[in-house]
């Protein structure tokens, strides 16, 4: 068994003069929740389409569970996908449509009905199982697509914009289901909701104009910003700002008002050490001790940049 559930190797795909994917390579560990990010037209849907064998790459390879996706039949029952705009028969009850999918996968009718009912309940559509698709709202159709992707026991699940169009309560429900599935599946999520990806995913890859511009763990990527954002129980006094600015690790402090501050880390202080992560941890521990000594309570605390800030930086959409 390989360590990685998904391997993307030097993947290229052109549409005429447009390079949708340009030599993209990364791997996805088993039982991880992996985010695929990028602006519109970055190549996310093209990559998912190749991974599902809907279209072929011009060159390169996608392996899922050690199988080249061009041999997609070998992944039957092991790979599932939610396309960005999943389509269903408008005049067939949703229960019957999903049961049909399970019958194609070799289930008996009684097994299929049981699985489908359970999955529809999971996504909040249990009471609508006999409704036809034309009578469902956009959000309900989205949840139906998610239900189809969750059917059975797939080992790898590809979800293209799984919560787009959902209200906050339903989006939260889908995120909770994704977390529950992580114990038995590897999940790749394409999304424009960067806060959602930061909350859900342990690793991400960022595409821009068909190229891979960043990849790694969310912790590594967001930590790279080398700053601390904090909201304190009260505004800092002048002598407190002076004290907190004194350690070698703090370069300067930005006051955003209402007790919110950004403490920018001295990069040279980090690079002087053998272990940057350890050096950063020491700076943060000292910073928190100083706050507590001054009876200042951090109401909010975030180390590094947000995923959104890093995304805007590496895709050239966020100034410096």
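Any read-out appearing in this document is the output of simple, stated calculations on the displayed coordinates, not a laboratory observation. Owing to the predicted nature of the structure, the values given are computational and were not obtained by experimental measurement. Cβ sites come from the backbone with ideal geometry, for glycine too, and all protein chains shown count toward neighbours.
For the stretch 114-262, what is the convex hull volume of the alpha-carbon atoms per residue, in Å³? Present the calculation step by step, with values, prior to reporting the outcome.
On the way: hull volume 27.2 nm³, N = 149.
Taking the convex hull of the Cα positions in the stretch 114-262, it is 182 Å³ per residue.
If you sort the three axes of the alpha carbon gyration tensor as a ≥ b ≥ c, you get a/c of 1.5 or more for the stretch 38-85 and a/b no higher than b/c, which makes it oblate. Can you give me the angle between helix 138-150 and the longest principal axis of the chain, using Cα atoms only, in degrees from 0 to 90, rounded to the nearest 10? The angle comes out at about 80 degrees. Bridges between two residues of the chain, per DSSP, are antiparallel at a rate of about 70%. Across 10 Å bins from the origin, how do the percents of Cα pairs in the stretch 22-157 run, short distances first? All Cα pairs, binned at 10 Å, distribute as 11, 37, 33, 17, 2 percent. Within the stretch 1-64, all pairs of alpha-carbon atoms sorted by distance into 5 Å bins from zero give the percentages 4, 17, 29, 26, 15, 6, 2, 1. Distance between the C-alpha centres of the stretch 21-49 and the stretch 118-197: 19 Å, rounded to the whole angstrom. Each peptide among 205-211, 185-191 gets the average number of other Cβ atoms lying within 10 Å of its residues, and from highest to lowest they stand as 185-191, 205-211.
Packing, as the average of other Cβ atoms within 10 Å across residues, places the peptides 232-240, 118-126 in the order 118-126, 232-240, highest first. How would the stretch 71-119 be classified by its alpha-carbon gyration tensor: rounded, prolate or oblate, with rounded meaning a/c under 1.5 and the a/b versus b/c comparison settling the rest? Judged from the Cα gyration tensor, the stretch 71-119 comes out oblate (a/c at least 1.5, b/c at or above a/b). Whole-percent P(r), the chain, all Cα pairs, 10 Å bins from 0: 5, 22, 26, 21, 14, 8, 2, 0. Note on the chain: helix-only mean residue ellipticity at 222 nm, from DSSP H runs of 4+ residues weighted -39500 (n - 2.57) and normalised by residue number, equals -10500 deg cm²/dmol.
Please report the relative contact order for the chain, taking Cα pairs under 8 Å with a sequence separation of at least 6, and give it as a percent rounded to a whole number.
On the way: 559 pairs, mean separation 61.3, N = 320.
Computed value for the chain: 19 percent relative contact order.
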